[in-house]
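Encoded as structure tokens, the structure appears first; notes follow it.
The values are calculated or read from the model by the stated rules, or taken from the named source; none is laboratory data. Note that the structure is predicted; figures quoted are calculated from it, not measured. Using ideal geometry, Cβ is built from the backbone for each residue, glycine included, and neighbour counts are taken over all protein chains shown. The accessibility values were calculated without ligands, DNA or RNA, using every heavy atom of the protein model including side chains. Shrake-Rupley method; radii C 1.70, N 1.55, O 1.52, S 1.80 Å.
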Amino acid sequence: MMRKLTHFQKIKIAAASLVVFLLVLATNIMDNNHFDIVQQSLETVLDDRLVAKDYIYKISRQIHLKNKLLYTSDHEQMAKANQKANDSIQTLVAKYAATELTPKEAQYFESLENNLDKLLQVEKQLYGKSPSEQVAAIEKAETYFTRIGSNLDVLSEVQLAEGKRQIHYSNRAIENSNLIAKLEIGALIVIGLIIQIFIFFKPSE
């Protein structure tokens, strides 16, 4: 038959129970924090990296099309197709600008926008000009196509690097959460044993 607990033992059991409650509460808060970190990292990878990489790919395709149009003999067809490509690029650039940019990414994105603007200015020199003037304009346009290609390559590399960094960050948060969960279980076992000792240990009289 279980002996009657003393007032002091009841206080110790209550204190131990409070410690258990606070421990569980604290670990739950930390677990939720780690979950938020993982969720935020995954959303960043999706919204600001994979989607941004898709924008870069589509811009690259439009740039390649524009480059081919330089050597189209039908100037009217060239102008229509080029305008359509420019509209598509403008839309994609605006969407890309709405993503979260790193400082390095913002720098190369600004360079991309500048080179695109300069390319548009050069393209205006292709219409209603003499053959020699058109050749000079095409050579100039090729320079900007090369620069734009370099900008897009760097921006694509940034997406890969940032995606890896965010995944690594998520993995660390998961590892920390697992470690805390193991410590929590160990602490609860120890506190449970202490409570049992408080209840069943009979002090010497």
Exercise for review: Please work out if G192 is closer than 26 Å to L18 by Cβ, at pLDDT 70 or above and open to solvent by less than 100 Å² (accessible area, probe 1.4 Å).
Suggested key: no
**Study point:** Selection from segment 61-81 of residues that are surrounded by fewer than 17 Cβ atoms within 10 Å (Cβ to Cβ) and β-branched (V, I, T)
**Key:** T72
Review point. Any idea which of (1) in contact (Cβ under 8 Å) with a residue 60 or more places away in the chain; (2) under 22 Å from L65 (Cβ atoms) is the one E123 doesn't satisfy?
Key: (1)
Practice item. Please state which one of D87, D117 is among the charged types (D, E, K, R), open to solvent by 70 Å² or more (accessible area, probe 1.4 Å) and either under 14 Å from Y144 (Cβ atoms) or not in a helix (DSSP H, G or I) (or both). Key: D117
Revision key, fill the gap. Sole miss for I197 among (1) modelled with pLDDT of 70 or more; (2) surrounded by fewer than 12 Cβ atoms within 10 Å (Cβ to Cβ); (3) among the hydrophobic types (A, V, I, L, M, F, W, C) is condition (1)
Check your understanding: Only one of (1) modelled with pLDDT of 70 or more; (2) within 30 Å of I59 (Cα to Cα); (3) open to solvent by 100 Å² or more (accessible area, probe 1.4 Å) fails for Y169. Which number is that?
Key -> (1)
